[in-house]
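Each remark here refers to the structure printed beneath this line.
The values are calculated or read from the model by the stated rules, or taken from the named source; none is laboratory data. No experiment lies behind these values; they were computed from the predicted model shown. FYI the Cβ positions are ideal-geometry reconstructions off the backbone, even for glycines, and counts take in every protein chain you see.
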């Protein structure tokens, strides 16, 4: 019995083994993503400017067909890719394969010139998206390779002074040398100067230096001299790009940069007006300027001169009081020296003082073009001496300061009332009679000779017993006043009030009719009160408010003094 059972068990095991082998050989194969091979090959090291070749290799080691294969190759940043004599702007390329049979393989090459600086790591990447026969899902694979830039064909050394005081002359130096094994032609050095840097008049106005041919081992030096201005603590960065001509277009290959810190100046200078450095002036204002100076150094500074240049058309020069300074009308500059300010003969370390002068703002704005200009006054001051201490570089010690003062606009609101209006006519008795309605026409006129204004509106309150007749007239293109019965207010929302309104262009004007039906004899009724113009000067940002007096029935332009109710 045991032998018979053993035979059946052996037979069953043999049958199961045969079935398993048949399934393995003839059944549906299972898919493994690991058997889809995607590799990206390329150099791990290169020099700046080298042309490198990337190889994308792919293979289907599965038992199934791959479909709709989409490859996306991404070049390293700043790469230069030339295709059919054109330089590609897009640093990605895509190619597709409809089908990839089992055990089928292929490869694709991509070439690029690498740009950057020594030590940069440049990454290239290949991405694959595909589908598998009889499966609905999509699959993705990717591979990346990194290339380190270990050398540069042209060595660049850019030198700047580590620190400088504002207004000091600085010298930037670029040393370059061809360290490659070949000559290099058509090279450009393009400088990006810091804000506040003014190139010396002796240098070309362009910031580009061209080198037609740079032989192997050959080098050179570029000197750039100029004045650097900035605030204490600012870091002023200068950079240079080396560009090479590729198919008629200069392309960046490498660069260098350095910086200068604006340090505490030997001299300190500051300007205020009316005890402020943010004062907004008005027509007719008296401007009291104070120029404060200080020797911040450890040296005795001798033979100092101070200048203050007055700029802007709103100064009333006839009112100028220089407090002993000499005014040069040819260039609008006030000058002080040791003959006027004893400190300027010898200014000891840490010694400070101030100089004053006064001048008025003009009483009216000059004619302006439509949408023309904003109005301001400006003082540009400089304290300097050519007597430079031996330990200090440069040909002068100097400090500069300037102050721009904005002049606010001065709008005007004119309010009048008529009984017999030229446009609306007259209605009702005058003097007013108890129990009978009389109609009056109110006119608002606005002028704005100065800067543009924003958020402009005029508001007024109608007293009890005054009736809004909803009869309105405005200038062409202007908004109409409206009446709010809940607050009993008339509101004229103008919005933007342009410069030179009422000067070079017509005044803004609105007129509206009000009714009065009095009940008490002997009174002079008020028809409009709490009249208020408001808006913001777009240049000075000052909020401007004008309050107008109330209007009574006695204040009529055409029939004054006849407003007492009978």
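Can you give me the number of residues within the range 327-343 that are over 40 Å from the mean Cα position of the chain (by Cα) and either surrounded by fewer than 15 Cβ atoms within 10 Å (Cβ to Cβ) or without any contact (Cβ under 8 Å) to a residue 12 or more places away in the chain (or both)?
Within the range 327-343, residues that are over 40 Å from the mean Cα position of the chain (by Cα) and either surrounded by fewer than 15 Cβ atoms within 10 Å (Cβ to Cβ) or without any contact (Cβ under 8 Å) to a residue 12 or more places away in the chain (or both) number 2.
Given the residues 565, 503, which is the only one that is in the same structural domain as residue 450 (by TED's automatic domain parsing) and either at pLDDT below 90 or more than 15 Å from residue 416 (Cα to Cα) (or both)?
Values: 565 fails: in the same structural domain as residue 450 (by TED's automatic domain parsing).
After ruling out the rest, the residue left standing is 503.
Which of the residues spanning the range 325-343 are under 20 Å from residue 292 (Cβ atoms) and in contact with a strand residue (DSSP E or B) (Cβ under 7 Å, 6 or more places away or on another chain)?
325, 333, 334, 335, 336, 337, 341, 343
Of the conditions (1) touching a residue at least 60 places away in the same chain (Cβ under 8 Å); (2) assigned to a strand (DSSP E or B), residue 294 fails just one. Which one is it?
(1)
When you scan the range 69-94, how many residues do you find that are exposed (fewer than 14 other Cβ atoms within 10 Å of the Cβ) and either more than 28 Å from residue 248 (Cβ to Cβ) or in contact with a helix residue (DSSP H, G or I) (Cβ under 6 Å, 6 or more places away or on another chain) (or both)?
Pass one, the range 69-94, residues exposed (fewer than 14 other Cβ atoms within 10 Å of the Cβ): 77, 83-86, 89-90, 92, 94.
Remaining after also requiring either more than 28 Å from residue 248 (Cβ to Cβ) or in contact with a helix residue (DSSP H, G or I) (Cβ under 6 Å, 6 or more places away or on another chain) (or both): none.
The qualifying residues number 0.
Here is a yes/no grid of residues against (1) surrounded by fewer than 16 Cβ atoms within 10 Å (Cβ to Cβ); (2) farther than 30 Å from residue 520 by Cβ:
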{"residue": "441", "(1), (2)": "no, no"}
{"residue": "446", "(1), (2)": "no, yes"}
{"residue": "449", "(1), (2)": "no, yes"}
{"residue": "455", "(1), (2)": "yes, yes"}
{"residue": "458", "(1), (2)": "no, no"}
{"residue": "465", "(1), (2)": "yes, no"}
{"residue": "468", "(1), (2)": "no, no"}
{"residue": "474", "(1), (2)": "no, yes"}
{"residue": "480", "(1), (2)": "yes, yes"}
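Is at least one residue of the range 291-311 under 34 Å from the mean Cα position of the chain (by Cα), at pLDDT below 95 and on the phi > 0 side of the Ramachandran plot?
No, the range 291-311 has no match at all.
Need the failing condition index for residue 120 against (1) modelled with pLDDT under 90; (2) more than 42 Å from the chain's Cα centre (by Cα), just the number.
With respect to (1) modelled with pLDDT under 90; (2) more than 42 Å from the chain's Cα centre (by Cα), residue 120 is out only on (2).
Looking at this structure, is residue 262 surrounded by 15 or more Cβ atoms within 10 Å (Cβ to Cβ) and assigned to a strand (DSSP E or B)?
Yes, satisfied.
Answer yes or no: is there a residue in the range 231-242 that is surrounded by 14 or more Cβ atoms within 10 Å (Cβ to Cβ), farther than 29 Å from residue 151 by Cβ and not assigned by TED's automatic domain parsing to the domain that holds residue 81.
Within the range 231-242 (the criterion being surrounded by 14 or more Cβ atoms within 10 Å (Cβ to Cβ), farther than 29 Å from residue 151 by Cβ and not assigned by TED's automatic domain parsing to the domain that holds residue 81), the answer is yes, since at least one residue qualifies.
Out of (1) under 38 Å from the mean Cα position of the chain (by Cα); (2) assigned to a loop (DSSP other than H, G, I, E, B); (3) more than 19 Å from residue 53 (Cβ to Cβ), the odd one out for residue 155 is which?
(2)
How many residues are at pLDDT below 85 and outside any loop (DSSP other than H, G, I, E, B) if we restrict to the range 220-237?
0
I need the full set of residues from the range 553-563 which are surrounded by fewer than 18 Cβ atoms within 10 Å (Cβ to Cβ) and within 21 Å of residue 461 (Cα to Cα), in order please.
If the condition is that a residue be surrounded by fewer than 18 Cβ atoms within 10 Å (Cβ to Cβ) and within 21 Å of residue 461 (Cα to Cα), then 554, 557 are the ones that fit.
Can you tell me how many residues within the range 169-189 are farther than 22 Å from residue 261 by Cα and assigned to a strand (DSSP E or B)?
Pass one, the range 169-189, residues farther than 22 Å from residue 261 by Cα: 176-189.
In the following step, the residues that additionally are assigned to a strand (DSSP E or B) were identified as 176-178, 184-189.
Residues flagged as farther than 22 Å from residue 261 by Cα and assigned to a strand (DSSP E or B) within the range 169-189 amount to 9.
Among the residues of the range 97-111, is there at least one that is surrounded by 17 or more Cβ atoms within 10 Å (Cβ to Cβ), within 30 Å of residue 257 (Cα to Cα) and not assigned by TED's automatic domain parsing to the domain that holds residue 185?
Within the range 97-111, not a single residue is surrounded by 17 or more Cβ atoms within 10 Å (Cβ to Cβ), within 30 Å of residue 257 (Cα to Cα) and not assigned by TED's automatic domain parsing to the domain that holds residue 185.
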